[in-house]
Amino acid sequence: MRIVLKILLGVGVVLIICVLLAPVPSFDKPLSTVVEAADGSLLGARAAGDGQWRFPTPDSLPEKYVTCLINYEDRWFWWHPGVNPVAVIKALADNIRAGETVRGGSTITMQVARLARGNPERTYSEKIIEMLSALKLELFRSKRKILLLYAANAPFGGNTVGLEAAAWRYTGRNSNDLTWAEAATLAVLPNAPSLIYPGRHSERLQEKRDGLLLLLAKRKIIDSLTCSLAISEPLPDVALPMPSLAPHLTSRIWIDDPGKRVKTTIDPMLQKEVSVLVNSHQAALEGNLIYNAAALIVEVSSGIVLAYAGNSTLPDTAGIYGRDVDMIPSPRSTGSIMKPFLYAGLLTAGEMLPNALIPDIPTRFPGFRPENSDFSYSGAVPAGDALARSLNIPAVRMLQMMNEERFLNLLHRVGFTTFDKPASHYGLSLILGGGEASLWELAGAYASMARVLNNINTGKEYHAEDWHEPRLVNIEEQKLTSDPSPPLTAPAIWLTYEALQRVNRPETETGWRYFGNAPDIAWKTGTSFGFRDAWAIGTTPAHVVAIWAGNADGEGRPGLSGISSAAPLLFDIFRLLEPGGWFARPEEGMTLTEICAASGFRAGPDCNEKREEWIPSAGLKSEACPYHTVINLDTTGKYRVNISCTQPGEMIRSSWFVLPPAMEYYYRMRNPAYRTLPPFRQGCTDDRQVPAMEFLYPPRDAKIFIPRSLQGQLMSMLPEIAHRRRNAVIYWHLDNRYIGMTKHMHQMELQVNKGEHIITATDDEGMTISRKFICVGSL
């Protein structure tokens, strides 16, 4: 008896040592990239590196499938230790009688061990290794985990591996939505996947499936009616393509994080609707040879992405339209889409008031001459109107006020990373598309502005965490840190959105205010130089919608513009969203202040018409109105006088709104109510207190490069002067040499040599102005 115990003990020790030395089954095969929507549905997937559809191991399995699998493969799975001795003995006996291997006797755990070893040829030595590995696996893994390993790595025919991939390939649905018939089909498939799978030997597959369903009914797991209905279901046909609701997002995640399961924040229904709209609008643009468009929807409060259409998904079988290119992260020329950040930045700094007049006159810089889109000039325009009308010249003037380096720093602080060159590289063209930004970062920056405004209206405090790029996955709640010096303040943002709400909508939106459910939207468009990029971005308290249209290869098209090519899609997408009301005016950081009604500056002592206006508190340090001056009129009020012709007691002091000559020249064309200065009464000497003319070009101390024509001739420069009197005559001199006269249009064509020069102009009333410039050379 003692010898028997010793033998048994020795056998046990040897068995334990063998089990401990046996390899633990593990899988290192490449995995598919799986992208899920917020509700867990499949947005898209990419095959693993070896070409197999092999999804990452799921967190759980559907009970229908587990029931079918265990009843078909391993009825005693929950009770055996990884090896079923009865099944092994029966299989051994059957194989000996048949003289060949006709039965394996493997448990699910042993099958996991075989799959982990690459499904080697079935031999008795391999079977022993499988048994030892199965015993070890049962020691270190739970039964549920073992089922997960099996379901994730079992072959399902063709290049389909794992239950989840099989469910989508053969049923077009998530494994959690399988019927009893489908669960039974997928349970029997791995038994002989190379011989039977949907579309091949279907009669044998149906025989196995129906046999399992009858077995479940026999064991009282399903009732007879459920069994009959399940048997009547047709088998899956050929393998289906994987869902592709967001192909560009799937590719982006596949590139950034391959072989992972990523649950995004995408709303699948909204994603479908947005994709349809993008395709519809892009199809309309195709008549103008515009082949690409993209759309992004961001939830303001959290910054999560609700819809991601990186490009049109219309057919491009030849691959010539670039529709595989994800345009959302692609840097493109910004056009005018950055102007709101400049406007808000100046308001934040207190250097400009919301409706202060900004010059809108012909403006030239060395190598750069900005023009408004309609090539017209207003003379002077309120800053808010300049933003709403997207005027280029006032925008450049505002950038001069801030300077390029400060503005570039502001763009970095609000989240832009694509402006990676020094300010000197961009110059003043930075505000008109001289730099590049992506739709991704633009949507993030606009959403961050709205988030700051919403949060200040509820929490009364600025947080650094409010500024961030859009998020494709939910993150844990962050600890908030106070930001005493935010890049943009809530009052500045609110005033910016108030201005953007006034932007004229496209023709397709005519009469929108007459519809009760039409949302208030702060929106902005942009068109890059050469008509290469069309932008439109809209903001409400709840959502930001960002649109880009153009050609992925950068080819420009006449007629491509933000207002015509991108804005219609913007408003169609907003109609899919719940209206979110409008932004509340911040209670802190704003003050009700007297403003000069004519100029929009802080009212000075000479302003005769004033109004109250909400401005950022920082604006209290801004300049008082510079355009009102006190003049002396005669008793009729028709003529100016001074002590050269009138006694002080006969003078009437009057405050007068006087713009500089260049601004006045264009302003009075657009504003008939503007009153020019009265002339001096006959006999009075002009005291020259108010300049009558000024240079438009060249700028003061300009350095000018003169090019040559295609014929090699030195080209001319064209100085220009604005005069208050329309019929004034101006006599021009270059370096004290008379060169000619002008009337009405005061431009003088000059040819100059390298070096320093002085232009002098004298009008017919004797007023003289001069401008020095340097010609630095020519081609």
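The values are calculated or read from the model by the stated rules, or taken from the named source; none is laboratory data. On a predicted model such as this, the values are computed, not experimentally measured, just so you know. Quick reminder, even Gly has a Cβ in these numbers, built from the backbone with ideal geometry, and neighbours come from all protein chains shown. Side chains are part of the model used for accessible areas, which takes the heavy atoms of the whole protein and leaves out ligands, DNA and RNA. Shrake-Rupley method; radii C 1.70, N 1.55, O 1.52, S 1.80 Å.
Candidates (i) 191; (ii) 245; (iii) 172; which is the computed volume of the Cα convex hull per residue in Å³?
Of the labelled values, this structure produces (ii).
Report the FRET efficiency, 1/(1 + (r/R0)^6), for LYS272 and PHE375, where r is their Cβ-Cβ distance and R0 is 56 Å, rounded to 0.05.
Values: r = 43 Å, r/R0 = 0.76.
Once rounded, the FRET efficiency stands at 0.85.
Please give the charge dipole size of the chain, origin at the Cα centre, charges +1 on K and R Cβ atoms and -1 on D and E Cβ atoms. Round to the nearest 20 debye.
The calculated dipole for the chain is roughly 1500 debye.
Taking just the C-alpha trace of region 321-428, give me its Rg and Dmax in Å.
15.1, 47
So how compact is region 367-451: Cα radius of gyration and Dmax in angstrom?
Here Rg and the maximum Cα pair distance are 13.6, 39 Å.
Report the extension gain between LYS772 and VAL86 in nm, rounded to one decimal, defined as 0.36 nm multiplied by the number of residues separating them, less their alpha carbon distance.
Contour length minus Cα-Cα distance gives 236.3 nm.
Cα-Cα over 24 Å: which of LYS29/LYS127; LYS29/LYS260; LYS29/LYS143; LYS64/LYS143; LYS29/LYS64?
Violating the 24 Å Cα-Cα cut-off are LYS29/LYS64.
Once you wrap a convex hull around the alpha carbon atoms of region 592-631, what is its projected area averaged over all directions, in nm²?
2.6 nm²
I'd like the Kirkwood hydrodynamic radius of region 681-779, using the inverse of the mean 1/r over distinct C-alpha pairs, in Å.
14.6 Å
Jot down the radius of gyration and Dmax of region 394-437, Cα atoms only, both in angstrom.
Rg and Dmax of region 394-437, Cα atoms, are 9.5, 26 Å.
For ARG653 and ALA673 in the same chain, what is the full-extension length gain: residue separation times 0.36 nm, less their Cα-Cα distance, in nm?
5.1 nm
If you take the beta carbon distance between MET741 and GLN501 as r and set R0 to 45 Å, what does 1/(1 + (r/R0)^6) give as a FRET efficiency, to the nearest 0.05?
0.35
Take MET745, MET242, MET338 and sort them by solvent-accessible surface of the protein heavy atoms, 1.4 Å probe, largest at the top.
MET745, MET242, MET338
Below 8 Å, C-alpha to C-alpha, sequence gap of six or more: please give me the relative contact order for region 326-409 in percent. Intermediate values should be presented prior to the final figure.
On the way: 83 pairs, mean separation 27.9, N = 84.
Reported relative contact order: 33 percent.
When only C-alpha pairs under 8 Å and at least 6 residues apart count, what is the relative contact order of region 368-496, in percent?
Here the relative contact order equals 20 percent.
Take each uninterrupted DSSP H stretch in the chain, measure its Cα extent along the helix axis, and return the ones at 27 Å or beyond whose mean Kyte-Doolittle hydropathy is at least 0.0. The partial results should precede the final answer.
Details: long enough: 2-21 (28 Å, 2.75); 439-459 (29 Å, 0.30).
Qualifying helices: 2-21, 439-459.
Quick one: Cα convex hull volume of region 374-520, Å³ per residue?
170 Å³
Report relative contact order for the chain in percent, whole number only (criteria: Cα-Cα under 8 Å, sequence separation at least 6).
Relative contact order comes out at 10 percent.
Run lengths n ≥ 4 of DSSP H only: what is the helix-derived mean residue ellipticity at 222 nm for the chain, with -39500 (n - 2.57) per run over all residues, to the nearest 500?
That calculation yields -9500 deg cm²/dmol at 222 nm.
Determine which aspartates and glutamates satisfy two conditions relative to LYS621: a Cα distance under 16 Å, and not lying fewer than 8 residues away in the same chain.
Cross-link targets: GLU351, GLU594, GLU613.
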